[in-house]
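Colleague: Handing you a structure now.
Quick note: the coordinates plus some simple rules give every number you see, no bench work behind them. Since this is a predicted model, take the numbers as computed values, not measurements. Cβ sites come from the backbone with ideal geometry, for glycine too, and all protein chains shown count toward neighbours.
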């Protein structure tokens, strides 16, 4: 029917056109509805993720503070109040270095570093010195905050309270640590007790044990815990040098004593005068040097290479070896008289495989030091 009310007949082509337009309209409507549905799903998922992250943010025991690239706090969780003594609601929007907290300046030092270099800091340990907890120990970890273009837009600080852990570490060190040596096994405790007895003596000590058992640590404990601590401790690795160089290393030489000796040289015995000489891998020295070392131990004097002058020396000799010196004596490879001169007292160190109960303590000690 037209505008005047007369009937108008549509051709089949017209009918098809109308049907096509109606179909296209339906598709468009359905597509719009589908897009809206997808958007709603994304929004719902995004909102759920936001709520999940916020729940995690609020519930963790570590203090989490988010700061923009200008040093302004944009978020802080509830643990900030417990650890840092700061009301999280009161600090949002404030400059981080102006926050009224005794540890803020220490934390801010870590923050400034990461803002300047955009690098991650992990477990930076510091003492907060709050009035309520003057000995509070925390670790600060920080990581750059980036946008979807990977541009640095700020920093996330994670502050963990380690006060109780630090107290436990102190208790463990007091109980199981002696002069940087760690061990709670009965073997190590026996060695610690023996060290307490030997520290204030001045006798020669032979330390035996496999490579890596801590022979040098024992030597340092004997020196730095004893009456010679204020004097030098000098170390010589007897296996690192050939005989002629080792002799010069131990006793020194005068100019012209051998090819290349262009000037006088003070030896390790003279350098250690009044203190301690630690002879590591003493089982590797040659018979000729064994005899000269024996004379020094017996007479407490020595001569430099190429010199006839005799010099008195006052040193405590501590020797160490990873070989069986008694067996070398029986084979004629090591002088028996020198062996007994060195072995006035012996400390035999067990390998770690024989004291496995010390492994957790060693791991903890390594983590504390690093």
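Colleague: Over its Cα atoms, what ratio of radius of gyration to 2.2 N^0.38 Å does the stretch 265-319 give?
Modeller: Dividing the Cα radius of gyration by 2.2 N^0.38 Å gives 1.08.
Colleague: How much length would be gained if the chain were fully extended between residue 68 and residue 245, taking 0.36 nm per residue of separation minus their Cα-Cα distance, in nm to one decimal?
Modeller: Extra length from residue 68 to residue 245 when fully extended: 57.5 nm.
Colleague: Moving on to the next point. What spacing in nm lies between the two simple spin-label points modelled at residue 89 and residue 135, each 7 Å away from Cα in the Cβ direction?
Modeller: 3.5
Colleague: Which number do you get for Rg(Cα) / (2.2 N^0.38 Å) in the stretch 229-298?
Modeller: Values: Rg = 12.3 Å, N = 70, 2.2 N^0.38 = 11.1 Å.
Compactness ratio reported: 1.11.
Colleague: Give the whole-number value, in cubic angstrom per residue, of the convex hull volume spanned by the C-alpha atoms of the stretch 186-354. Don't skip to the end; give the middle numbers.
Modeller: Working: hull volume 18.7 nm³, N = 169.
Hull volume normalised by residue count: 111 Å³.
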